[in-house]
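The values are calculated or read from the model by the stated rules, or taken from the named source; none is laboratory data. Model, not experiment: these values are computed from the prediction. When we count neighbours, we look across all protein chains shown, and the Cβ atoms used for this are built from the backbone with ideal geometry, even at glycine.
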Amino acid sequence: MSAATAEVVAGFDVKKVRADFPILSRKVHGLPLVYLDNAATTQKPRAVIDTLTRYYTEENANIHRGVHQLSQIATDAHDAARRTVQRFLNAADPAEIIFTRGATESINLVAQTYGRTHVGAGDEVVITAMEHHSNIVPWQILCEEKGARLRIAPINDAGELLLDEFEALLNAKTKLVGVAHISNALGTVNPIARIVEIAHSKGIPVLVDGAQSVPHLPVDVQALGCDFYAFSGHKIYGPTGIGVLYGKRALLEAMPPWQGGGDMIRSVTFEKTLYNQLPYKFEAGTPDIAGAIGLGAALDYLSGIGIENALAHEHALLEYGTKALEAIPGLRLIGTAKEKAGVLSFVMENIHPHDIGTILDQQGIAIRTGHHCAQPLMHRFGIPATARASLAVYNTTADLDALVGGIHKLKEVFA
Amino acid sequence: MADLRELYQEIILEHSKTPRNFRPMEGANRQAEGYNPLCGDHYTIFMDVADESIRDISFQGSGCAISKASASMMSQALKGKTRQQAEELFEQFHRVVTGEPGSDTSALGKLEIFAGVANFPTRIKCATLAWHTLQAALRGEQVASTE
Ligand SMILES: Cc1ncc(COP(=O)(O)O)c(C=O)c1O
């Protein structure tokens, strides 16, 4: 491989970006860390770590409660984080941004509120064959409770959604479509705008699982037209424990609350409770204040390094990695969609993914192996598991060269 | 890297490539399925047990080199053993692969080569999956899971 550490995209200084992530300079098993497990969670830049430290050192107080100054500072910082998310997704209104624990909780919120009021016996919910368990199981629970049916739109061998078959599944009984923007196991980018157009032409709302897409694509929820968009902070350089549900205002207004408690009420008597306005109606209890502020810092960081250049860099890495892996005899890429981002999932002849993971780990290379919380998808490809290298803005061609070197080592052990 | 050879011993690799007793068993009177939900490993253990003694044992399924070699070598080690002996061997095996202080490899025979697993905590469940499944089958349970 040539020019292993060279910048791949002009105007994007990956060395400088790497220096922003303290963990990248640590060693694993005595070797430099090669972190290629970003679809599981990304590392955090100094800006996020410092924001969390500053919050707890100087600003910590509960929000929306106190008359005292710290409470006001914390409340303002929390509000500012919500507006940062709003701008990042280009939502029309900060009230459409609900803070949750993560993508999983966001999807469950929709299933338990919108779902429980709109899906009845005999109705249908449509998802795709490439969903993460978190966009399968909440719908299964709902369908079981309501006597409704979960229907699965199929994919082709490259891992692309079959749009015609998806469309054919939609009918008068379909009450909601749930679809991943990017598949965590395959890297497939789904044509969300087109999917929304099809579903809306039949009056069906669409929830998008954006857990893997916000770190890898510019997302504009108004341009996409989707009704709900869910993502997790920890996969976009933010802290764990914080996530987002975007919902169109009219839908959120009409939905019943989910969890009850403090903050989500306007007034409580034992006879009747009036609920708070959006977004607080869906944010019962003391939220992850630091997490939200940390997420805001992460999104600001990403904007600061230049999202377009960063994503172009990532895409160049994906192409570089794809070519390099394809050249390895006995290796098969799983997920070869034309539109892909961030993920290199593969299997190897006669070597189980779990063994691949251990041997790479011994060389300081962190990847994920297993079913990636997408067992039905593994079943679709007739494999129990894959090995998955997944990219972030701080990865380099050198990381991918190390991966390829590691795989050759692996073949030596198993020769 | 030196550790890797300790884990992936020649014998382990050889058993994972050509597992012994790797077949279904008609007329098995004990049978259980074992899953590792984290990595998707999945095996079925078959036994013919009479008078508390394992007359025949076989397995089928798929998984990593460690889990498959473990199942293969377990099947060899247990053929002809009593149920009591099998339970005791599992106990010793478990102590060794989890690296319990004072664990003793001497009673393990060929299974001793799995001692290297103790240095790879993420792989202990691979080495013990077949054994947990065996235990479930002996106890008349149908399913074993590592989680
Ligand atoms: C596509 C997709 N959806 C949802 C999730 C769930 O995210 P979280 O566990 O942060 O709630 C993930 C995480 O792996 C994912 O990749």
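Points worth noting:
- Scanning segment A:211-250 for residues that are within 11 Å of the ligand (Cβ to nearest atom) and either within 14 Å of chain B (Cβ to nearest Cβ) or under 18 Å from A:V125 (Cα atoms) (or both) returns a single hit, A:A230.
- For segment A:372-398, a tally of residues being surrounded by fewer than 24 Cβ atoms within 10 Å (Cβ to Cβ) and more than 16 Å from the ligand (Cβ to nearest atom) returns 8.
- Among the conditions (1) more than 18 Å from A:A39 (Cα to Cα); (2) aliphatic (A, V, I, L, M); (3) within 16 Å of the ligand (Cβ to nearest atom), A:I328 misses just one, which is (3).
- Flag set for A:E165, criterion: away from the ligand (no atom under 16 Å from the Cβ), closer than 29 Å to A:P218 by Cα, away from chain B (no Cβ under 14 Å) and not in a loop (DSSP other than H, G, I, E, B).
- Looking across segment A:251-289 at every residue that is farther than 30 Å from A:D50 by Cβ and among the charged types (D, E, K, R), the one that is farthest from the ligand (Cβ to nearest atom) is identified as A:E271.
- Scanning segment A:371-415 for residues that are assigned to a loop (DSSP other than H, G, I, E, B) and not aliphatic (A, V, I, L, M) gives A:H371, A:H372, A:C373, A:G382, A:P384, A:Y394, A:N395, A:T396, A:F414.
- Selection within segment A:139-162 - within 12 Å of A:D123 (Cβ to Cβ) and either part of a loop (DSSP other than H, G, I, E, B) or among the hydroxyl-bearing types (S, T, Y) (or both): A:G147, A:A148
- Single unsatisfied condition, B:P121 versus (1) touching a Leu at 6+ places or on another chain (Cβ under 8 Å); (2) closer than 30 Å to A:V347 by Cα: (1)
- Test result for A:I351, crowded, with 18+ Cβ neighbours inside 10 Å, among the hydrophobic types (A, V, I, L, M, F, W, C) and within 14 Å of chain B (Cβ to nearest Cβ): yes
For every residue, the table says whether it meets (1) within 14 Å of chain B (Cβ to nearest Cβ); (2) within 25 Å of A:S25 (Cα to Cα).
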residue	(1), (2)
A:P329	no, no
A:I334	yes, no
A:Q362	yes, yes
A:A387	yes, yes
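- Filtered residues of segment B:108-121 (kept if without any contact (Cβ under 8 Å) to a residue 40 or more places away in the chain and loosely packed, with under 13 Cβ neighbours inside 10 Å): B:G109, B:P121
- Contact map, segment A:12-25: first residue closer than 11 Å to A:T396 by Cβ, second residue exposed (fewer than 12 other Cβ atoms within 10 Å of the Cβ) and among the small types (G, A, S), Cβ cut-off under 9 Å, separation 6 or more or different chains; pairs are A:R18/A:S25.
- Candidate set: segment B:32-68, residues that are outside any strand (DSSP E or B) and of a type in the set (A, V, I, L, M); chosen: the one nearest to B:T128 (Cα to Cα): B:I66
- Pairing residues of segment A:312-332 that are over 24 Å from A:E349 (Cβ atoms) and assigned by TED's automatic domain parsing to the domain that holds A:T188 with residues that are modelled with pLDDT of 95 or more and of a type in the set (D, E, K, R), at Cβ distances under 8 Å and at least 6 apart in sequence or on separate chains, gives no pairs at all.
- Condition check for A:T104: near the ligand (Cβ under 9 Å from one of its atoms), touching a Ser or Thr at 6+ places or on another chain (Cβ under 9 Å), farther than 21 Å from A:P376 by Cβ and of a type in the set (S, T, N, Q): no
- If you go through segment A:144-190 and keep only what is basic (K, R) and closer than 19 Å to A:H379 by Cβ, you end up with just A:R151.
- Of everything in segment A:23-45 that is more than 21 Å from the chain's Cα centre (by Cα) and not aliphatic (A, V, I, L, M), the residue that is nearest to the ligand (Cβ to nearest atom) is A:R26.
- Residue in segment B:69-85 that is within 24 Å of A:L410 (Cβ to Cβ) and assigned to a loop (DSSP other than H, G, I, E, B) present: no
- Residue check, B:A50 at pLDDT 95 or above, more than 13 Å from every other protein chain (Cβ to nearest Cβ) and farther than 23 Å from B:E14 by Cα: no
- Lone unmet requirement of (1) more than 14 Å from every other protein chain (Cβ to nearest Cβ); (2) loosely packed, with under 15 Cβ neighbours inside 10 Å; (3) closer than 23 Å to A:G357 by Cβ for B:A130: (2)
- Boolean, A:I127 is assigned to a strand (DSSP E or B) and within 16 Å of the ligand (Cβ to nearest atom): yes
- Among the residues making up segment A:194-210, those that are more than 11 Å from the ligand (Cβ to nearest atom) and crowded, with 24+ Cβ neighbours inside 10 Å are A:I195, A:L207.
- Count of residues meeting criterion [within 11 Å of chain A (Cβ to nearest Cβ), buried (at least 20 other Cβ atoms within 10 Å of the Cβ) and not hydrophobic (A, V, I, L, M, F, W, C)] in segment B:9-24: 1
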